[in-house]
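Enquirer: There's a structure below that I have some questions on.
Throughout, read-outs are computed from the coordinates displayed, never taken from laboratory work. All of these numbers come straight from a predicted model, not from anything done at the bench. Positions of Cβ are backbone-derived with ideal geometry, glycine not excepted, and every protein chain shown enters the neighbour counts.
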Amino acid sequence: MEPPKFVDEIQKKVAELLESSPARDIERNAKAAFASVLGKMDLVTREEFDVQREVLARAREQLVRLEARVIELEAELARSKAGNENK
């Protein structure tokens, strides 16, 4: 069942009134101001943040491996020096 034509007309008029009301202008201005403030801030997207977090995690893993390797090489060097001193 379709609403009567006059109901459609009233809905259109109310929508037009709301569209051109001062409240709508205030909302637009507030959104523009908020967007401007956010644009000036040093923010990154969630996607960029997640990518950098993954990069950091891989870098930390590599650092742990490299630290272990340095310890291993230092131990080999110490053994080598000790072996040369005993000769």
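Enquirer: For region 35-77, list residues with backbone N below 19 Å from a point placed 7 Å from the Cα of N86 toward its Cβ?
Expert: 73-77
Enquirer: Separate question: Can you tell me the length gained on complete extension of the stretch E72 to E16, counting 0.36 nm per residue apart and subtracting the Cα distance?
Expert: Here the answer is 12.5 nm.
Enquirer: Taking the Cα atoms of the chain alone, what are Rg (to one decimal) and Dmax (as a whole number) in Å?
Expert: Over the chain's Cα set, Rg and Dmax evaluate to 34.0, 109 Å.
Enquirer: Between 0 and 90 degrees, rounded to the nearest ten: what's the tilt of helix 5-19 against the longest Cα principal axis of the chain?
Expert: 50
Enquirer: Which one of N84, L56, A68 is farthest out on the positive end of the charge dipole of the chain, using unit charges on Cβ (Lys, Arg +1; Asp, Glu -1) and the Cα centre as origin?
Expert: Value: N84.
Enquirer: Taking the Cα centre of the chain as origin and charging only Cβ (+1 Lys, Arg; -1 Asp, Glu), how large is the dipole, in debye to the nearest 20?
Expert: So the dipole magnitude of the chain works out to roughly 320 debye.
Enquirer: How many lysine pairs does region 1-42 hold where the Cα atoms are under 28 Å apart and the two sit 8 or more places apart or on different chains?
Expert: Close lysine pairs found across region 1-42: 4.
Enquirer: State the volume of the convex hull built on the alpha-carbon positions of region 44-87, expressed per residue in Å³ and rounded to an integer. Numbers along the way, then the final one.
Expert: Working: hull volume 1.6 nm³, N = 44.
In region 44-87, the Cα convex hull volume per residue is 36 Å³.
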